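The values are calculated or read from the model by the stated rules, or taken from the named source; none is laboratory data. This is a predicted model, so every value here is computed, not measured. With ideal geometry, Cβ positions are generated from the backbone for all residues, glycine too; neighbour counts draw on all protein chains shown.
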Amino acid sequence: MMTSQSQQHGEPVIALLSGGLDSAVSLVKLEADPRYHVLRAVMIDYGQRAFLQERKASSSLAQYYGIPYQVLTLDWLKEVLPEGLKSESDIDNPTEIYQVWVPNRNGLFLNIAAAMAEAYGAKYVSFGANVDEAQAGFPDNGVPFYESMNETLKYSTLNCVQVMAPVGDLTKIEIAQLGKTLALPFKYVWSCYEAGDVHCGKCASCQHLKRAVKAVGLAIPFADDTPVPVATL
């Protein structure tokens, strides 16, 4: 277990942490930056198929870095989940945006984190936006989205909470390389939409992850590959 040193200095941040590659590297980048410290890592349970895997990943990362951790449950959001994320669905290994798009997910999560930030005296919230998903058709990963969120939060929070996207200007390969450089424990990362023992390797999120980790020489097991023991990571 690594104990966080950033708690002693820097601006406090509420970090959204799903346990996926982008939010995990965002977390470790903030931990390595003396200008900030992560006050709390927050994971959202909105009925997603891989909730248990995401909770294990995010809680393990928070524990590893010695960061307070909290799971928030949004039961009502389960009613509007796309088929590709529902626990009971005929769609396996979703690859299309419409199969995994949750209405206003990032906007909703960031507003929740902003409310928490204001209550706890933090000025910033962070999330794992990235270039590849912004270009792939997820507008809530692009710069215009979080810049507009910042304008809105000037009016909805008294301390003018601001959104940070620590890896928002990076591709998945660049994010994986940064995580490798910062010694992120990749054995805790879970990016898959499915709820298996290892990443399925077929869903859209796994395809992004697979290209990234292979490009930078990391070993993560995928169900459609020869498994590599996580202990070697």
Check your understanding: Does segment 81-98 hold any residues that are free of Cβ contacts under 8 Å to residues at least 24 places away in the same chain and either crowded, with 17+ Cβ neighbours inside 10 Å or among the hydrophobic types (A, V, I, L, M, F, W, C) (or both), and which are they?
Key -> Pro82, Ile91
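Residues checked against (1) part of a helix (DSSP H, G or I); (2) of a type in the set (Val, Ile, Thr):
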position: Ser89; (1), (2): no, no
position: Val102; (1), (2): no, yes
position: Phe109; (1), (2): yes, no
position: Leu170; (1), (2): no, no
position: Ile175; (1), (2): yes, yes
**Study point:** Filtered residues of segment 125-142 (kept if surrounded by fewer than 21 Cβ atoms within 10 Å (Cβ to Cβ), within 19 Å of Leu27 (Cα to Cα) and not charged (D, E, K, R))
**Key:** Val131, Gly142
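With Val189, Val163 as the choices, which residue is under 26 Å from Gln48 (Cα atoms) and in contact with a Gly (Cβ under 9 Å, 6 or more places away or on another chain)?
Values: Val163 fails: in contact with a Gly (Cβ under 9 Å, 6 or more places away or on another chain).
So the residue among Val189, Val163 that is under 26 Å from Gln48 (Cα atoms) and in contact with a Gly (Cβ under 9 Å, 6 or more places away or on another chain) is Val189.
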Practice item. Consider Ala129 carefully, then state whether it is outside any helix (DSSP H, G or I) and either among the small types (Gly, Ala, Ser) or touching a Gly at 6+ places or on another chain (Cβ under 6 Å) (or both). Key: yes
Check your understanding: Does at least one position in segment 59-79 carry a residue that is under 21 Å from Gly142 (Cα atoms) and surrounded by fewer than 18 Cβ atoms within 10 Å (Cβ to Cβ)?
Key -> no
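Taking segment 65-80 as the search range and keeping residues that are part of a loop (DSSP other than H, G, I, E, B) and touching a Ser or Thr at 6+ places or on another chain (Cβ under 9 Å), which one is nearest to Asn159 (Cα to Cα)? Reasoning before the result, please.
Taking segment 65-80 first, the residues part of a loop (DSSP other than H, G, I, E, B) are 65-68, 74.
Applying the additional criterion that residues be touching a Ser or Thr at 6+ places or on another chain (Cβ under 9 Å) yields 65-67.
Details: Tyr65: 27, Gly66: 27, Ile67: 23 Å.
Out of the qualifying residues, it is Ile67.
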Review point. Out of segment 143-170, which residues are among the aliphatic types (A, V, I, L, M), under 26 Å from Ala215 (Cα atoms) and surrounded by 16 or more Cβ atoms within 10 Å (Cβ to Cβ)?
Key: Ala165, Val167, Leu170
Review point. Conditions: (1) without any contact (Cβ under 8 Å) to a residue 40 or more places away in the chain; (2) assigned to a loop (DSSP other than H, G, I, E, B); (3) among the β-branched types (Val, Ile, Thr). Thr152 meets all but one. Number of the miss?
Key: (2)
Review point. For Thr95, which of the numbered conditions (1) part of a loop (DSSP other than H, G, I, E, B); (2) β-branched (Val, Ile, Thr); (3) in contact with a Phe, Trp or Tyr (Cβ under 8 Å, 6 or more places away or on another chain) fails to hold?
Key: (3)
Review point. Exactly one of (1) in contact with a helix residue (DSSP H, G or I) (Cβ under 6 Å, 6 or more places away or on another chain); (2) surrounded by fewer than 19 Cβ atoms within 10 Å (Cβ to Cβ); (3) hydrophobic (A, V, I, L, M, F, W, C); (4) modelled with pLDDT under 95 is unmet by Ile173. Its number?
Key: (4)
Exercise for review: Please give the number of the condition Arg49 fails out of (1) at pLDDT 95 or above; (2) outside any helix (DSSP H, G or I); (3) farther than 17 Å from Leu184 by Cα.
Suggested key: (1)
Practice item. Say whether the condition of being at pLDDT 90 or above and of a type in the set (Ser, Thr, Tyr) is met by at least one residue in segment 82-98. Key: no
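From the set of residues in segment 196-223 that are part of a loop (DSSP other than H, G, I, E, B), of a type in the set (A, V, I, L, M) and closer than 20 Å to Gly128 by Cβ, which is modelled with the highest pLDDT?
Here is the first cut: in segment 196-223, the residues part of a loop (DSSP other than H, G, I, E, B) are 196-198, 200-203, 216-221, 223.
Restricting the remaining residues to those that are of a type in the set (A, V, I, L, M) gives 198, 216, 218-220, 223.
Still in the running and closer than 20 Å to Gly128 by Cβ: 216, 218, 220.
Values: Val216: 95, Leu218: 91, Ile220: 88.
The extreme case among them is Val216.
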